[in-house]
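Data block below; observations after.
The values are calculated or read from the model by the stated rules, or taken from the named source; none is laboratory data. Values in this document were obtained by computation on a predicted structure and should not be read as measured data. Counting neighbours? That spans all protein chains shown, and the Cβs are built from the backbone with ideal geometry, glycine included.
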Amino acid sequence: MDEWRQNFLHGSPMFEPLRGVGSGLAEFDRWPTLAELNALLSPEILTASGVSVRFVAQGTKPTCLEEKYEARIYLRGEVQTRSENWHDLFNALAWLAFPSTKSALNARHFESITQSSEAGNRDKTRDALTLFDESGVVVLYSDNELAGLLQDFKWHELFWRKRQSLIGQMGFLVFGHSLNEKALNPYIGMTGKGLMIKVSSDFFSSGKVAQSEIVDELLTERFSSGLPISNQDLTPVPLLGVPGWCKDNRLEVFYENTGYFRPQIHSRRSS
């Protein structure tokens, strides 16, 4: 059984997007109950099908499509949540922090489940949706050069030589609840899957709450658009390389670890 950490949201800058919605958890000296988590659902969160989201106990193994995890959310608003479990707690916090995006992802999942059930196989769209939901990092940028360095795995140049340029031109926001769980005990090798979103330079001068709301809108637009998405649309992001996210990256030698900051043999981008 996992041990409760009362002030866990202040243990890493990676948790910053969750601090507002999860501030009440600092009052608990033990794991919150499902009823207490549901009390945080104010204002009401709706799925794309129009039903209210609520956190419920994990059910038995599904025997039909309607009982599958994503289907239960879409059809009945039931987010199955294990008690005293960090992974599921971070998923609940993601619903609170990014309600529109989580609803849009769920709708795409349900559509994919329905289509794959008819076709008899799981499609690449659902694989990519799951990867982003679990390990996604939103990479916000206003400078194309910096975005190119990230996509081309030029970690040393991006995170060290262009360190000051990142301020006001590129930001990283952890979305995936599996990544948040890992951030409780960060380690070399910890890598997210980045979804690149271009924004205006004004974005970076807005407050953190406003930024999260804008990101929720932008992600919702992306996942509701019907545009195809695959694993190839997500670029690796070595999270401990992001300036300020690890005390060791204050030294240049940190970025010389090519086992973590691996070079890319071939560019992901077309020349």
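Against the numbered list (1) touching a residue at least 40 places away in the same chain (Cβ under 8 Å); (2) under 26 Å from LEU93 (Cα atoms); (3) surrounded by fewer than 19 Cβ atoms within 10 Å (Cβ to Cβ); (4) out of contact with any helix residue (DSSP H, G or I) (no Cβ under 6 Å at 6 or more places or on another chain), PRO228 comes up short only at (2).
Of the conditions (1) within 22 Å of the chain's Cα centre (by Cα); (2) modelled with pLDDT under 95, ARG269 clears all except one; give me its number. Going through the list (1) within 22 Å of the chain's Cα centre (by Cα); (2) modelled with pLDDT under 95, ARG269 breaks only (1).
Counted as qualifying within the range 120-219 are the strands (runs of 3 or more DSSP E) with 2 or more residues that are more than 16 Å from VAL242 (Cα to Cα), namely 191-198. In the range 202-217, which residue that is touching a residue at least 24 places away in the same chain (Cβ under 8 Å) and surrounded by fewer than 17 Cβ atoms within 10 Å (Cβ to Cβ) is farthest from PRO17 (Cα to Cα)? Residue satisfying both the conditions and the ranking: SER205. Just one of (1) among the aliphatic types (A, V, I, L, M); (2) assigned by TED's automatic domain parsing to the domain that holds LEU46; (3) out of contact with any Ser or Thr (no Cβ under 6 Å at 6 or more places or on another chain) fails for ALA104. It is (3).
Is it the case that THR114 is in a helix (DSSP H, G or I), in contact with a Ser or Thr (Cβ under 9 Å, 6 or more places away or on another chain) and of a type in the set (S, T, N, Q)? In short, no.
Counting the residues of the range 220-239 that are within 18 Å of THR125 (Cα to Cα) and part of a helix (DSSP H, G or I) gives 8.
One residue alone among ASP133, ASP123 is surrounded by fewer than 18 Cβ atoms within 10 Å (Cβ to Cβ) and not hydroxyl-bearing (Ser, Thr, Tyr), and that residue is ASP123. Considering every residue within the range 85-98, establish whether at least one is in contact with a Leu (Cβ under 8 Å, 6 or more places away or on another chain), crowded, with 19+ Cβ neighbours inside 10 Å and closer than 22 Å to PRO228 by Cβ. For the range 85-98, residues in contact with a Leu (Cβ under 8 Å, 6 or more places away or on another chain), crowded, with 19+ Cβ neighbours inside 10 Å and closer than 22 Å to PRO228 by Cβ: present. Is one or more of the residues making up the range 34-47 of a type in the set (Gly, Ala, Ser), within 22 Å of the chain's Cα centre (by Cα) and either at pLDDT 95 or above or under 23 Å from TRP245 (Cα atoms) (or both)? No: zero hits.
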